[in-house]
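A quick write-up on the structure given underneath.
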Amino acid sequence: MSAAVFSDAWVSAWAAEINGSGAFRAAGARWESAFVFEMEADPALGIAARRSVFVDLSHGECRAGRAATPEDAERAAYVLRAPAAVWKQVLTGELEPVGALMIGLMDLSRGSLASLAPHVSAAKELLAAASRLEADWD
């Protein structure tokens, strides 16, 4: 089943994919954190408005995955923002997210790359789970 990327249905499917991933469970065993991922509007891709999703990760599993609220954005340890075209490249495997952060294509507006460094393999598995979802980009 396909869902609009960064929609509530999409993030629910992502949470289920994360929880079904043995690779994420192993890589994220020592990681506990909450993220808000924000996608900027891009009319060329059919994304009319900004979309945000929240995931709450705890020791190799996803405790929550939903559309983000303003409170989630205020409380999450990390907020990662990018244009829709960049997210599309990341989620289709065309662009490596750490490299995208380093060259400014993605913005870590809350949290630090240094605090993410010990969890790079878990973060890669997190995004790999997202890339396995069927997604509509409009």
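We did not get these values from a lab; they are worked out from the coordinates using the rules stated. Note that this is a predicted model, so its numbers are computed, not measured. For neighbour counting, all protein chains shown are included, and Cβ atoms are generated from backbone atoms with ideal geometry for every residue, glycine included.
Taking all Cα-Cα distances within the chain, those exceeding 17 Å account for 56%.
What translational diffusion coefficient, in µm²/s and rounded to a whole number, does the Stokes-Einstein relation yield for region 69-138 at 20 °C and a viscosity of 1.002 mPa s, taking the hydrodynamic radius as the Kirkwood radius over Cα pairs? Using the Kirkwood radius from Cα pairs, D works out to 165 µm²/s. Note that region 29-36 has calculated 3J(HN,Hα) couplings of 4, 10, 10, 9, 6, 10, 10, 10 Hz, one per residue in order, obtained from phi through the Karplus relation 6.51 cos²θ - 1.76 cosθ + 1.60 (θ = phi - 60°); glycine and proline are x. Beta bridges from DSSP with both residues in region 3-130: antiparallel share about 75 percent, rounded to the nearest 5.
Around Leu105, with a cut-off of 11 angstrom between Cβ atoms, what is the net charge of the other residues, counting Lys and Arg +1 and Asp and Glu -1? Around Leu105, the surrounding residues sum to -1.
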